[in-house]
Amino acid sequence: MTIAPEKTQTQVQLRVGHEWFALCALSLLTPGRGVAALLPDGTQAAVFVDREGAVHAIDNRDPFTGAQVLSRGLLGSAAGGPFVASPLLKQRFDLRTGRCLDDDAVSVTAYEVRVG
Amino acid sequence: MPAMTTPTTPTIVVVGHGMVGQRFLEALAERGVAGRARIVVLCEEPRAAYDRVQLTSYFSGRTPDELSLVEGDFMERHGIELHLDDPAETIDRDARTVTSRAGRSFTYDTLVLATGSYPFVPPVPNKDAEGCFVYRTIEDLLAIEEYAKTARTGAVVGGGLLGLEAAGALKGLGLTTHIVEFAPRLMPAQVDDGGGAALLRTIERMGLTVHTGTGTQEITVDEAGAVNGMALSDGSVLDTDLVVFSAGVRPRDQLGRAAGLAIGERGGIMVDEQCRTSDPAVFAIGECALASDGRVYGLVAPGYEMAETAAATITEEARSFTGADMSTKLKLLGVDVASFGDAHGAAEGCLDVVYSDSRSGVYKKLVIGSEGELLGGVLVGDADAYGMLRPLTGSVPPVAPEQLVMPAGIGAPAALGPSSLPDDAVICSCHNVTKGTIRGAVTEHSCTTVPEVKKCTKAGTGCGSCVKVLGQLVNAELEASGVEVDKGLCGCFGQSRQELYEIVHTLRLTSYQEILDRHGRETARGGNGCEICKPAVASIIASLAPTIGAGGYVLDGEQAALQDTNDHFLANMQKNGSYSIVPRIPGGEITPEKLIVIGEVARDYGLYTKITGGQRIDLFGARVDQLPQIWARLVDAGFESGHAYGKALRTVKSCVGQTWCRYGVQDSVKMAIDLELRYRGLRSPHKLKSAVSGCQRECAEAQSKDFGVIATANGWNLYVGGNGGATPRHADLLAQDLSDAELVRLIDRFLMFYIRTADRLERTSTWLERIEGGLDHVRDVVVHDALGICAELESLMADHVANYRDEWSETINDPERLRRFVSFVNAPDVPDPTVKFVPERDQVKPDLPLLSIRPLEALEGSAAR
Ligand code: SRM
Ligand SMILES: Cc1cc2nc3c(=O)[nH]c(=O)nc-3n(C[C@H](O)[C@H](O)[C@H](O)COP(=O)(O)OP(=O)(O)OC[C@H]3O[C@@H](n4cnc5c(N)ncnc54)[C@H](O)[C@@H]3O)c2cc1C
Ligand code: SF4
Ligand code: FES
């Protein structure tokens, strides 16, 4: 497999407050899986790239257990939208909104992401 | 805060926030009362209502939070004022006020007493000594658990339903446990003499000591005043460090008594059919009430009926409570006990149909009325039929009663499906849900799954004993209404796991995306799949890897994205996001050198170390970035992955066998090691466990394994389909006196046949019970080659064995594969600061409080963001 040079340069950026924060090269992400990133304020984000190549980011903290593990869950699609299932107790979170699909009362922060 | 009410909003004050109190609040909310009235609840306990019926499940890991009965923001949403830890102390019926211990005073228009019961403690000397407990609240359990840490023996006073539950809990806490019961048999209220005898045998076989027909005369104490024994009425003395009283309950009617409400002779606040007390502004519901039929009900279902009745009466609907039946099923101890309806055969002219087998501890009795109708019954040792029989009570069963008690296999097994029940049969007695209501949920409210029906009707959300019948009913109803019952794996695939296996095998597909896009449901094609089918398909591809030409390494290319997180990191994730490490120790045999390496690694990385139930060693608390370093050392010392993370072979346990043991007839250790090395890494629908014993004494517990081997003088006996865990099953004998080679060949076939035909997450035990023809069919296929597939099964296994490689050594030698083992993609050198540990018994455990704090506060001590 060859990777076009400009593709490896492409950076994934997250919006934190008013700033865009550069995370890593897009090529470091595996389609269908996530990685964790450390943000300037000490919080953690879970960053995913789906099958279409779209990048999503939500808080890494699983609100049901408190552990910083959402980045290590499995990706899937439900009703057309991408979600991640927490690896601990398997609740699913919509990657675009951070809403928990199994409990209306729970949601996590969803970050704006751009690739450039 | 002073009570502020305008005369237009009526106030309802509820005293007691237990199971029935909460159900009453829900019934008010459903009727929209919460918006029209002020509702105040006084709760004596430090926590809101929880599931007392499931109390004992705390000891199997349910947390107090999980036991809660109050959903999310229920109280806020309905504007209900709940005062925790503040019991009502006095009622002034003239002024219509209730005053609490904290001095709060509320004026009520309607008062509802739901104060439940208190455990009765017989007035024996030293009954309040240190080490004496009752068994009613979460706080009681916490105290027992704490005290049991320093105790060795426990005694339960009372052999009724709750006493047996408490005894099971003490045994579970590791205490030598005694049960002292005054009556001549256990569970005297529910079962008859025959049932009591069967129950006694089973419970004694489980290692508990039962003293029936004996009373407790005195609790004896040591100099410090702590319990050290019990003097019994038969003159004997029982040494014990801990005593739990479970000698029945009494209604908590003191408040009502002091306020001058009418009280029954033997206690209980007297109520009419609408649950009103002698003061029409005051209701009493649940265990504190003496119902209009003269009984105090100690069960939750009648309490819920009363809650509904009181709420209906308050909103001027007609409803009454005139009595309920006393069916119960014991949930604990691994003994099935159930009684329902007229269990003692009190009705005139009734006859018993009894089946009794003392050998296996099974006793079943049905009470049949003069018209042939089923009046009640007692089931001990095998209560599978409870879910079907209880709703049939009152009607004439569709088959002869003898057939209902005979075990399957003897005589004609009664094919009694839920279709034979009338619509008004109560399926869920906890929530009083009839078959008609459940059918309605499917036909009118378009529920298509059991969870949906549970949500819609509440059926199955109490004690859980009706869930099996519920499932059958939902499927039958769906089929009847023309909806094809979807046996698909998940929302992405309409095929079952077995069908997908055949597709992958015959078409030699190795890409999940291709499988999804070509064979998935229309709506799922082109999507991301889901967390159910991805690991399932990954497992099928891995089982068949060499045969279909897929890479054997489970983390290559697309495969990496499919694996559950445990497989993805080749380790088991723990509750704080750290991982555990389990090196393979084949057959449980290990050299001192290797033990020392494990010790050194654990010491150097500060890992919590524990001997597992699988004859090997688990090292807990490694951060993701430490896994490769730790494994590099382990691989160096000759260890390999133990696959504790995968749905794969776990361990083959062994006993010491012929080499050392005076009874051994074969070398069980060698066979266990050979088998473990042969099947290591084999991906399967669920985990696989095995064991080899050197003789019939069976020290390796082979009969509780997916495939178990027991040595005979002539070779080996092979047992299959055994299971420990939640639903233990004894394995069945598949073949006898096999040579080494015959044994291995038969296991090869058996495992490959299972992998091919089982459902996702179906252990061999459930698979064996599910597949048509059961054991006989499996024997036909794998021993007699009835389907002509044995050669293929053997070659599939040969491919697996030839291509096995250790996943961890492949990983640590490849920088590309190692890249994923970092805490942060943008800061590969920074360890995750939330993975922290605190000391416990000279080792460590996860710092859980840290997880409940938002990371900012944890890191900087500031709540600002
Ligand atoms: C570590 C260990 C407990 C211990 O400290 O002894 C253990 C720990 C876990 N067991 Fe177990 N089981 C362990 C021996 C057992 C045994 C005893 C045995 O194997 O002889 C049983 C009963 C035997 C059986 O399986 O038939 C057992 C029956 C279960 C079950 C219930 C399976 C069932 O069919 O009912 C589960 C749940 C499941 O798999 O769905 C389970 C699941 C688990 C999980 C994977 C729960 C989880 O998802 O986190 C635990 C993860 C361990 C980890 O993170 O490392 N564990 N578990 C034991 C590891 C043995 C080993 O060396 O591999
Ligand atoms: C271990 C165990 C197992 C059980 N298993 C089963 C079973 O399998 N099936 C079954 O049907 N039933 C079972 N039960 C019984 C079931 O739990 C009760 O029937 C049910 O809880 C009764 O509900 P209640 O609201 O009337 O009483 P409770 O749930 O006891 O609630 C009463 C509440 O009122 C509080 N209270 C008392 N006085 C005051 C006051 N003055 N002010 C404020 N609050 C007050 C109490 O602290 C308590 O929290 C079991 C009980 C136990 C303990
Ligand atoms: S099973 Fe038999 S051979 Fe093995 S340790 Fe026990 S008694 Fe000895
Ligand atoms: S009978 Fe208890 S939940 Fe249905």
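What follows draws every value from the coordinates through simple rules; no lab data is involved. Fair warning: this is a prediction, and the values are worked out from it, not measured in the lab. Every residue, glycine among them, receives a Cβ derived from its backbone with ideal geometry; neighbour counts consider all protein chains shown.
Spin-label pair B:Asp140-B:Asp799: with each label point 7 Å from Cα along the Cα-Cβ axis, the two points sit 5.9 nm from one another. Let me know the shape class of region B:717-812, please: from the alpha-carbon gyration tensor, a ≥ b ≥ c as square roots of the eigenvalues, rounded when a/c is under 1.5, otherwise prolate if a/b is greater than b/c, or oblate. Oblate shape, in that a/c is at least 1.5 and b/c is the bigger or equal ratio.
Full extension of the chain between B:Ala224 and B:Thr150 gives 25.2 nm of extra length, using 0.36 nm per residue less the Cα-Cα distance. Computed with the Debye formula from one identical point scatterer per Cα of region B:454-596, without solvent, the log10 of I(q)/I(0) at q = 0.13 Å⁻¹ comes to -0.82.
With R₀ set to 25 Å, the beta-carbon distance separating B:Ala786 from B:Lys468 gives a calculated FRET efficiency near 0.20.
Amide H contacts of B:Ala648 (H built 1.01 Å from N, in plane; Pro and chain starts excluded): B:Ser684, B:Lys687, B:Leu688 sit under 5 Å, all sequence-distant by 5 or more or on other chains.
If you restrict to DSSP beta bridges whose two residues both lie in the protein assembly as shown, what percentage is antiparallel, to the nearest 5?
70
Amide H to amide H, with H built 1.01 Å from N, B:Gln495 comes under 5 Å of B:Leu489, counting only residues 5 or more places away or on other chains.
Principal axis extents of the C-alpha atoms in region A:57-116 (largest first, rounded to whole Å): 34, 25, 21.
Relative to one another, the C-alpha centroids of region B:487-562 and region A:19-56 are positioned 26 Å apart.
Taken along its three principal axes, the alpha carbon spread of chain B comes to 87, 74, 70 Å, from the longest extent down to the shortest. Residues whose amide H lies under 5 Å from that of B:Gly642, counting only those 5 or more places away or on a different chain, are B:Val582, B:Arg584; hydrogens are built 1.01 Å from N in the peptide plane.
Model label points for B:Glu265 and B:Arg77, set 7 angstrom from Cα along the Cα-to-Cβ axis, are 4.7 nm apart. Taking N as the residue count of region B:600-695, its C-alpha radius of gyration divided by 2.2 N^0.38 Å amounts to 1.25. Where in region B:51-65 does the amide nitrogen come within less than 16 Å of the point 7 Å from the Cα of A:Asp103, taken along Cα to Cβ? Taking a point 7 Å out along Cα→Cβ of A:Asp103, the residues of region B:51-65 whose backbone N falls under 16 Å are B:62-65.
Inverting the mean 1/r over all pairs of different Cα atoms, compute the Kirkwood radius of the protein assembly as shown and quote it in Å.
31.8
Note on B:Lys534: lysines with a C-alpha under 18 Å away, same-chain residues under 8 apart excluded, are A:Lys90, B:Lys487, B:Lys647, B:Lys687.
At q = 0.09, 0.12, 0.16, 0.20 Å⁻¹, what is the base-10 log of I(q)/I(0) for region B:1-133 according to the Debye formula with one equal point scatterer per Cα and no solvent? Please give it to two decimals. Debye intensities relative to I(0), on a log10 scale: -0.32, -0.55, -0.88, -1.20.
FRET efficiency for the pair B:Ala183 and A:Arg114, taken as 1/(1 + (r/R0)^6) with r the Cβ-Cβ distance and R0 = 45 Å, rounds to 0.05. Here each label is just a point 7 Å from Cα along the line to Cβ, and for B:Asp357 and B:Ser446 those points are 4.7 nm apart. Using the rule -39500 (n - 2.57) for each DSSP H run of four or more residues, divided by the residues of the protein assembly as shown, the 222 nm mean residue ellipticity is -8000 deg cm²/dmol. 3J(HN,Hα) along region B:735-747, derived from phi through the Karplus expression 6.51 cos²θ - 1.76 cosθ + 1.60 where θ = phi - 60°, amounts to 7, 10, 6, 8, 6, 3, 5, 4, 4, 4, 5, 5, 5 Hz, with x in place of Gly and Pro. The gain in end-to-end length when the B:Glu593 to B:Ser105 segment is fully stretched comes to 168.5 nm, 0.36 nm per residue minus the alpha carbon separation. Dividing the Cα radius of gyration of region B:157-231 by 2.2 N^0.38 Å, with N the residue count, gives 1.16. Residues in region B:307-316 carry Karplus couplings, in order, of 4, 5, 5, 5, 5, 5, 4, 5, 9, 6 Hz; the curve used is 6.51 cos²θ - 1.76 cosθ + 1.60 with θ = phi - 60°, and Gly or Pro positions show x.
Using the alpha-carbon positions of chain A, Rg (one decimal) and Dmax (whole number) come out as 13.8, 45 Å. Using +1 at the C-beta of Lys and Arg and -1 at the C-beta of Asp and Glu, which of A:Val115, B:Cys790, B:Ile596 has the Cα lying farthest in the positive direction of the dipole of the protein assembly as shown? Highest projection toward the positive end goes to A:Val115. Between B:Phe120 and B:Glu600, what's the calculated FRET efficiency when r is the beta-carbon distance and R0 is 56 Å? Round to 0.05. Using R0 = 56 Å, I get an efficiency of 0.50.
Applying the Karplus relation 6.51 cos²θ - 1.76 cosθ + 1.60 with θ = phi - 60° to region A:89-96 yields 3J(HN,Hα) values of 10, 6, 5, 9, 10, 5, 6, 7 Hz, where x marks Gly and Pro. You can think of it this way: the chain between B:Asp128 and B:Asp842 has 253.6 nm of extra reach, that is 0.36 nm per residue less the Cα-Cα gap. The distance from the alpha carbon centre of region B:750-827 to that of region B:333-382 is 44 Å, rounded to a whole number.
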